[in-house]
Each structure stands twice: as C-alpha cells, then as structure tokens.
Amino acid sequence: MPARLLRAAIRIFAAKGYAKASTREICLAADANVAAIHYYFGGKQGLYQAVLAKPVQDVVSLIPCAGDDQPMPSMEEALRQFYGAFLTPLIHGGDEFADLRRVTLREMVEPTQAFADVLHRNIAPEHQGLVDMLAQHCGVAEADDALHQLAFALVAIVENYWMSLDYMRLLAPGLLASPQAYAQLVERLVGYGLALVEHERRQRQTN
C-alpha cells in the first residue's frame with residue numbers, strides 16, 4: 001500500500017504540484033482508502049516529503065557502504081561509486097524518474113518547507129560524509145568552507161545531468177544514448193572530480 005501511494009503521488013505531484021494535488025485524487029489513483037495517506041505518511045506533507053526524499057534515497061542505496069571489515073575506498077573509487085549511483089536512474093528510471101525530476105525542478109523554483117525538511121534529514125548527512133572524506137584525503141583536521149565548496153562542485157557536475165537532461169539530449173544526442181555511453185561518462189566525471197580534489201590538495205600545500 002505505501003508503495004502504491006508513493007507511485008501515485010509522484011505522478012500527480014509532478015503533474016499538478018503540491019498545492020493543487022489532492023489527497024483524495026492520490027488515494028483514488030492508488031486504489032487506497034482516503035485515510036491511507038494519514039496512516040502511512042502522517043498526511044499530505046509527509047507524503048510529499050517521501051516523494052522528495054525518494055531520489056536521494058535511491059542514489060544512496062546504490063552506493064556500497066564501508067563496514068567494519070571493509071576499508072574505506074580510495075577517492076577515485078568513491079567518486080566512481082557515487083557518480084555511477086547518481087547516473088543509474090537516468091538509465092533505468094523511466095517515467096517515474098522523469099516525474100521525480102519534475103517535482104524536484106518545481107521545488108527549486110517554488111521551494112516549500114517540505115524541501116527544507118528533506119534537505120536537513122536526507123541530504124545534509126550525505127553532504128557531511130563527503131566533506132569528511134575530502135578532509136581526510138586533503139589532510140585537514142577540521143572541515144572548512146573550502147571543503148564544503150569542493151563538495152558542492154563535485155556534486156554539481158553530476159547533478160546537472162539530472163537537471164539539464166532534456167537539453168543535453170537535444171544538444172548532444174549521442175552523449176547519453178546507451179549504457180556504454182553512461183559508463184564512459186562515469187569515467188570522465190571521475191577524472192574531472194579527481195582533478196578538482198587534487199587542485200584543492202595542492203592549494204593547501206602551497207598556502
């Protein structure tokens with residue numbers, strides 16, 4: 001039931017936005033009782049937060065976790081895992097991913113409190129984990145604003161493929177035309193990311 005509600009909500013929020021989408025319409029599309037949204041998600045805003053959090057959770061679920069018996073990956077491998085996970089929905093996401101992109105894009109233009117909540121709960125911990133890894137790689141005892149800036153840059157170069165996908169497909173159709181093209185893209189992004197990290201490391205050595 002929660003999965004059906006989430007799928008219906010993604011579709012309807014993408015088409016109408018948060019304000020114009022009704023819980024009754026979502027329940028009808030999910031073949032669910034009108035009280036189901038409150039039962040499973042605490043209400044309309046909770047359901048909307050679940051929709052906003054889904055793409056983040058999907059990406060995080062694809063990144064291998066370093067456990068107690070596993071060493072931390074190198075910077076190169078960490079970037080490969082991250083960029084590969086970030087680009088996977090573009091290959092396999094289909095219509096649902098397209099709808100999630102629409103919801104996210106609308107939030108960037110007309111942000112709601114729900115997005116701020118998802119940012120603090122789902123995105124901030126992942127961002128901080130990246131910053132901590134960069135600090136370790138650069139030999140920095142305590143993270144500073146420059147490392148946050150570096151983390152934003154590393155994410156931005158792959159996030160743009162989510163936000164600008166339609167334009168990219170028009171401007172460079174062969175760029176994302178096949179799984180092989182995506183594999184090549186991952187390796188290029190890894191190279192770009194390593195260059196950014198190395199630049200930051202050298203800057204710190206010379207200062």
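The values are calculated or read from the model by the stated rules, or taken from the named source; none is laboratory data. Because the structure is predicted, anything quoted here is derived from the model rather than measured. Ideal geometry is used to build each Cβ from the backbone, glycine not excepted, and the neighbour counts take in all protein chains shown. Ligands, DNA and RNA are stripped out before the accessible areas are found, and what is left, the full protein with its side chains, is counted by its heavy atoms. Shrake-Rupley method; radii C 1.70, N 1.55, O 1.52, S 1.80 Å.
Applying a threshold of 9 Å to beta carbon distances and a minimum spacing of six or more residues, or different chains, the list of pairs starting in the range 32-44 at a residue that is open to solvent by 20 Å² or more (accessible area, probe 1.4 Å) and ending at one that is modelled with pLDDT under 90 and of a type in the set (Ser, Thr, Tyr) is empty. Can you confirm whether the range 182-202 contains a residue that is touching a helix residue (DSSP H, G or I) at 6+ places or on another chain (Cβ under 8 Å) and more than 19 Å from ALA78 (Cα to Cα)? The answer is no; no qualifying residue exists. Among the numbered conditions (1) closer than 19 Å to ASP58 by Cα; (2) surrounded by 14 or more Cβ atoms within 10 Å (Cβ to Cβ); (3) more than 18 Å from the chain's Cα centre (by Cα), the only one that ARG102 does not meet is (3).
You will find that of PRO111, PRO179, the residue that is at pLDDT below 95 and over 19 Å from ASP58 (Cα atoms) is PRO111 and no other. For GLU159, the criteria (1) of a type in the set (D, E, K, R); (2) modelled with pLDDT under 90; (3) within 13 Å of LEU87 (Cβ to Cβ) hold in every case but one, which is (2).
Yes/no per residue for (1) at pLDDT 95 or above; (2) under 20 Å from the mean Cα position of the chain (by Cα); (3) over 23 Å from GLY94 (Cβ atoms):
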residue	(1), (2), (3)
ALA15	no, no, no
ALA19	no, no, yes
ILE37	no, no, yes
VAL56	no, yes, no
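Filtering the range 159-207 down to residues that are not hydroxyl-bearing (Ser, Thr, Tyr) and not in a helix (DSSP H, G or I), which residue is most open to solvent (accessible area, probe 1.4 Å)?
ASN207
Taking helices (runs of 4 or more DSSP H) as the structural unit, those lying wholly within the range 30-110 and holding at least 3 residues that are among the charged types (D, E, K, R) and farther than 24 Å from HIS127 by Cβ correspond to 94-109. Find all pairs meeting these conditions: Cβ atoms under 6 angstrom apart; at least six residues apart or on different chains; first residue within the range 134-159 and within 13 Å of HIS199 (Cβ to Cβ); second residue part of a helix (DSSP H, G or I) and open to solvent by 40 Å² or more (accessible area, probe 1.4 Å). If the second residue must be part of a helix (DSSP H, G or I) and open to solvent by 40 Å² or more (accessible area, probe 1.4 Å), the pairs left are CYS138/ARG201; CYS138/ARG204; ALA153/LEU196.
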